[in-house]
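Input: a single structure, listed below in structure tokens.
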Amino acid sequence: MKNSREFVRTLGAFIVVLGIAIGVSMPTQAASDLAITSGEGAYDSFVQLAAKEGEDANDPLEPMNRFFFDFNEFVIGIFLRPFSEFYAGILPPAVRDAIGGVLENLASPVVLVNDILQGEGTRALQTVSRTVVNSTIGLGGIWDPSAKLLDNPGHDEDFGQTLGRWGVGEGFYLVLPFLGPSNPRDAIGEHVIDSFFDPLNLWAANTDREGIIWTRTLGGAIHKYSGLMDELAQTKKTSIDYYATIRSIYRQKREADIRNGTDIDLPPIPDLTPDISFDSDEDSYEN
């Protein structure tokens with residue numbers, strides 16, 4: 001067990017160093033290179049850009065990435081989509097909205113920390129206000145009075161966006177098993193660093209309540225995918241190369257996320273990030 005932990009720690013450190021080195025040496029300029037439009041013609045413009053982007057895909061690991069992409073599609077087909085269809089079919093929209101609100105409220109500490117690290121004081125105050133109001137009047141996020149009454153909608157932030165905000169490039173494109181589209185910067189930020197900012201999962205990991213983590217992770221994945229599956233199916237149906245389309249969507253979406261609020265009218269992709277929690281005892285950590 002100890003040897004496996006040492007291996008994971010060493011591998012994690014290697015990925016961090018590799019990802020940051022690549023990111024710094026290859027700063028992305030996708031935002032300025034891609035002519036992104038909004039409105040009714042956005043999807044047509046996107047399809048043209050997706051085809052053009054193939055030459056600049058920055059995908060040196062494409063054979064491996066395509067293998068994991070097909071693997072993830074298989075997992076989605078046999079597990080995620082059936083459960084998501086059942087979830088969407090049995091629960092009314094109001095209940096699903098309440099579940100989404102609770103999940104969003106639980107993620108607010110991660111959003112707040114990254115707001116602060118990005119130097120976004122106004123957005124940090126909005127996150128604090130939203131969390132306080134929705135945790136009290138909104139009964140933990142079941143209701144969203146912050147958006148409905150105070151015109152303070154939520155926003156997402158992660159450490160991958162924080163690194164991008166401070167000039168760290170995306171590096172090469174990656175498809176991670178189970179996790180989907182990524183790159184070294186975002187893999188480190190979303191799947192490693194952000195776990196240290198999540199008090200609920202840290203508490204659960206350190207008190208042997210991993211069931212809370214898995215329930216939140218799997219429940220969150222089903223909830224997110226249930227809202228995307230129809231649009232994804234349409235995107236897949238109309239794509240000449242679904243892999244290349246998702247790759248292009250992901251890269252453009254992440255650039256928009258880093259710019260905080262730039263609207264891009266693109267088909268969605270599943271954001272099924274699991275929560276990785278770390279144990280503080282004896283420098284060990286749990287998956």
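Readers should treat all values here as calculations from the given coordinates under stated rules, not as data from a laboratory. Because the structure is a prediction, the values reported are computed rather than measured. Counting neighbours? That spans all protein chains shown, and the Cβs are built from the backbone with ideal geometry, glycine included.
Some points to look at:
- The equivalent ellipsoid of segment 109-170 has semi-axes of 26, 10, 9 Å, largest first, where each one is the square root of 5 times an eigenvalue of the Cα gyration tensor.
- Separation between Cα centres of segment 145-173 and segment 58-77, rounded to whole Å: 26
- Segment 144-185, dipole about Cα centre (Lys/Arg Cβ +1, Asp/Glu Cβ -1), debye to the nearest 20: 140
- For ASP230 and MET64, the difference between the fully extended length at 0.36 nm per residue and the C-alpha to C-alpha distance is 57.1 nm.
- Length added when fully stretched, VAL75-ASN206, from 0.36 nm per residue minus Cα-Cα: 44.2 nm
- Shape of segment 50-122, Cα gyration tensor, a/c cut at 1.5: oblate
- Overall form of segment 84-227 per C-alpha gyration tensor (a/c, 1.5; a/b vs b/c): oblate
- Less than 5 angstrom separates the built amide H of GLU170 from those of THR28, all sequence-distant by 5 or more or on a different chain.
- Projecting label points 7 angstrom from Cα along Cα→Cβ for LYS148 and PHE178 puts them 3.6 nm apart.
- Length released on extending from LEU125 to ASP156, taking residue separation times 0.36 nm less the Cα-Cα span: 9.8 nm
- Here the spin labels are modelled as points 7 Å beyond Cα on the Cα-Cβ line, and at GLU85 and LYS237 they lie 1.4 nm apart.
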